[in-house]
Structures are given as structure tokens and as C-alpha cells.
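Taking it in order: structure first as C-alpha cells, then the write-up.
The values are calculated or read from the model by the stated rules, or taken from the named source; none is laboratory data. Computed from a predicted model, the values in this text were never measured in an experiment. Methodologically, a virtual Cβ is constructed for each residue, glycine included, from the backbone with ideal geometry; neighbour enumeration extends over all protein chains shown. In case anyone asks, the SASA skips ligands and DNA or RNA and just uses the protein heavy atoms, side chains included. Shrake-Rupley method; radii C 1.70, N 1.55, O 1.52, S 1.80 Å.
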Amino acid sequence: MTSETPPDSPPRSARRSLWRAAAPWLVAAAALAWLLHRLPFAAVRVALATGPWPLLAAYVVLELALILLADAWAASVALRLSGGSLPYWRVVAMRGATYLGTVIHPLAGQGSFGWFLARAGQGAWSAGGVVLLLFVTQGLALVVAGAFGVAVAPAWLRQPALPLLSLLVLGLLIYLALLTRPPRRLARLPLLQPLFAAGVRGHLIAVAARLPHVALLVVLMWGQLRIWGIPVPLLAGLALTPLVLFVAALPITPAGLGTVQAL
């Protein structure tokens with residue numbers, strides 16, 4: 001008789017789950033440790049002591065209000081493309097209630113919005129599909145904004161940014177090609193049906209609706225740096241910020257913690 005432990009025994013499964021949950025935090029800790037190792041702490045202390053905190057706080061409140069209005073409009077457009085319909089101001093309330101989740105990660109905020117949609121009668125699979133459409137089209141809008149930013153960026157910045165941007169554009173084209181001729185197995189999945197129902201035309205409409213939101217994110221984040229006295233040129237900000245926002249949305253670390261600051 002042998003007493004072999006089954007490969008998927010509860011303790012081993014629990015350990016795997018623990019590692020999956022801990023991995024993003026470990027990556028964030030490593031990125032922050034590397035960043036702190038390179039920071040001039042004396043300069044940081046002076047900046048924190050003399051920084052314009054009241055002005056920055058007022059600016060952030062205004063920034064969040066503008067971003068919420070643009071975000072909710074893009075979400076309402078994506079919702080209509082997926083066959084749903086909610087009043088704009090209700091979408092504003094739902095998105096505003098989920099913004100705290102984005103402190104953990106953008107996916108957490110979008111997932112909370114999906115929960116609200118399901119409660120509003122959208123249906124669980126349909127709500128999940130809408131959230132997926134929102135997430136995908138925001139990524140596509142960031143690629144478009146990044147392409148514009150790199151096109152107007154100084155030459156010294158354009159050259160190192162081109163390889164990453166080219167990779168993102170290639171991924172965009174592959175995704176659009178899949179929309180035109182989706183594999184049968186994928187097309188039958190309820191979660192993906194809103195994506196295929198929207199099609200290329202619907203995606204382009206959703207991306208166009210998302211671009212004002214992304215443009216506000218880019219310009220207003222650049223404004224935060226200027227208020228704090230960090231003299232980032234506007235053209236450099238237009239080129240770099242979309243790439244930073246794209247990395248922040250990847251499920252590598254919680255809310256891009258560590259990776260965003262390092263970039």
C-alpha cells in the first residue's frame with residue numbers, strides 16, 4: 001500500500017492560492033525597494049516639507065470630478081453597445097461608488113462596477129462582458145494616446161519608446177483581427193459575447209468615447225507634477241503618461257504600486 005498525497009490536495013492548493021495572492025505584493029515591494037534605494041532622501045524630505053499640499057489637494061478633487069464625468073460617459077456608451085441602457089447620471093453614481101476599488105487595482109474597480117450592473121438587471125454574464133469591453137477599450141485608447149504622444153515627443157524620447165509602442169500596436173491589430181473572425185469556441189463563451197457583438201465598429205466607437213477620459217487622465221496627471229514643481233515638459237508627459245497608465249492597468253502589482261513609481 002502506498003500513501004501518496006493527491007496532486008491537488010487542499011494544503012497544496014491553499015499554498016498555490018497564497019502564492020498567487022502574494023506575488024503582486026512581492027513584485028510591488030521589490031520595485032519600491034529598488035526605487036527607495038535610488039532616491040535622494042534629503043531632497044524628498046525638503047519637497048514634502050515645502051510642497052504646496054492645499055493646492056495639490058484642491059486640484060486632485062477637481063481632477064477626480066472631471067475624470068468621473070468623462071469615465072461615466074464612456075461607460076454608458078459601451079453599455080449601449082452591449083445592449084444595455086442606464087441613465088447617464090445613474091452610471092455616474094455607480095462609477096463613483098466603485099472608484100475606491102481602483103485604489104487596490106483598476107480591475108477591482110471595474111469588477112465592482114460589474115456587480116452594480118448585475119444588480120441593475122444587466123445579468124451576471126452580460127455585466128461581466130461589459131466590464132471586459134470597458135477594460136479592453138480603455139487599453140486600446142491608451143495605445144492610441146501613446147501613439148500620439150510618441151509622435152509629438154522629442155527625438156531622444158521617441159526612439160526608446162517606439163519598441164514598446166510597436167508591440168502594443170501589434171497586439172491591438174491582432175485583437176481587431178480576432179474580432180472579425182472569432183474562433184468558434186471563444187464566440188460561444190457568454191462572457192465574450194458582448195465583445196463580439198460590438199465588433200470592430202463598436203470597439204472603435206467605444207474607443208472614441210473613451211479618448212476624452214484618457215486625454216484628461218494624461219493631461220491632469222501631468223498637471224499634478226507641475227503643481228508639485230516637477231518641470232516635466234508637456235510633450236514628454238504626453239508620450240510617457242499613457243505608457244505608465246497602461247502598465248498600471250496590468251495585473252502585476254496592486255494598483256500599479258511600485259511599477260508605476262519606478263517608471
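Mind telling me which of the residues Ala65, Ala28, Ala58 ends up being at pLDDT below 90 and small (Gly, Ala, Ser)?
So the residue among Ala65, Ala28, Ala58 that is at pLDDT below 90 and small (Gly, Ala, Ser) is Ala28.
Among the listed residues Ala108, Ala127, identify the single one that is within 17 Å of the chain's Cα centre (by Cα) and part of a helix (DSSP H, G or I).
Ala108
Testing Ile227 on (1) modelled with pLDDT of 90 or more; (2) open to solvent by 50 Å² or more (accessible area, probe 1.4 Å); (3) touching a Phe, Trp or Tyr at 6+ places or on another chain (Cβ under 9 Å); (4) not polar (S, T, N, Q), one condition comes back false. Which one is that?
(2)
Going through Leu107, Leu132 one at a time, which residue ends up being touching a helix residue (DSSP H, G or I) at 6+ places or on another chain (Cβ under 8 Å) and at pLDDT 85 or above?
Answer to the selection: Leu132.
Would you confirm whether or not the range 197-204 contains a residue that is over 28 Å from Ser76 (Cβ atoms) and open to solvent by 60 Å² or more (accessible area, probe 1.4 Å)?
The answer is no, given that none of the residues of the range 197-204 is over 28 Å from Ser76 (Cβ atoms) and open to solvent by 60 Å² or more (accessible area, probe 1.4 Å).
Taking the range 78-93 as the search range and keeping residues that are in a helix (DSSP H, G or I) and surrounded by 20 or more Cβ atoms within 10 Å (Cβ to Cβ), which one is farthest from the chain's Cα centre (by Cα)?
Restricting attention to the range 78-93, the residues satisfying the condition of being in a helix (DSSP H, G or I) are 78-81, 88-93.
Within this subset, residues satisfying the condition of being surrounded by 20 or more Cβ atoms within 10 Å (Cβ to Cβ) are 78-79, 81, 91.
On the way: Ala78: 16, Leu79: 18, Leu81: 20, Val91: 19 Å.
By that ranking, first place goes to Leu81.
Is the range 128-140 home to any residue that is free of Cβ contacts under 8 Å to residues at least 24 places away in the same chain and either open to solvent by 50 Å² or more (accessible area, probe 1.4 Å) or more than 26 Å from Pro242 (Cβ to Cβ) (or both)? Talk me through it step by step, then tell me what you get.
Filtering the range 128-140 down to residues free of Cβ contacts under 8 Å to residues at least 24 places away in the same chain leaves 131.
In the following step, the residues that additionally are either open to solvent by 50 Å² or more (accessible area, probe 1.4 Å) or more than 26 Å from Pro242 (Cβ to Cβ) (or both) were identified as none.
There is no residue in the range 128-140 that is free of Cβ contacts under 8 Å to residues at least 24 places away in the same chain and either open to solvent by 50 Å² or more (accessible area, probe 1.4 Å) or more than 26 Å from Pro242 (Cβ to Cβ) (or both).
Could you list, ordered by first residue, the pairs with Cβ atoms under 8 Å in which the first is in the range 103-121 and under 11 Å from Val131 (Cα atoms) and the second is modelled with pLDDT under 80 and assigned to a loop (DSSP other than H, G, I, E, B), at least 6 apart or interchain?
Short answer, once both residue conditions are applied: Leu107/Pro251; Leu117/Gly84.
So, Pro194, is that one crowded, with 18+ Cβ neighbours inside 10 Å and over 30 Å from Trp25 (Cβ atoms) or not?
Yes, satisfied.
Go through the residues of the range 242-260 one by one and say whether even a single one is farther than 30 Å from Ala21 by Cα and modelled with pLDDT of 85 or more.
Scanning the range 242-260 turns up no residue that is farther than 30 Å from Ala21 by Cα and modelled with pLDDT of 85 or more.
Does Pro163 count as open to solvent by 60 Å² or more (accessible area, probe 1.4 Å), at pLDDT below 90 and either of a type in the set (Gly, Ala, Ser) or within 28 Å of Ala30 (Cα to Cα) (or both)?
When the stated conditions are applied, Pro163 passes them.
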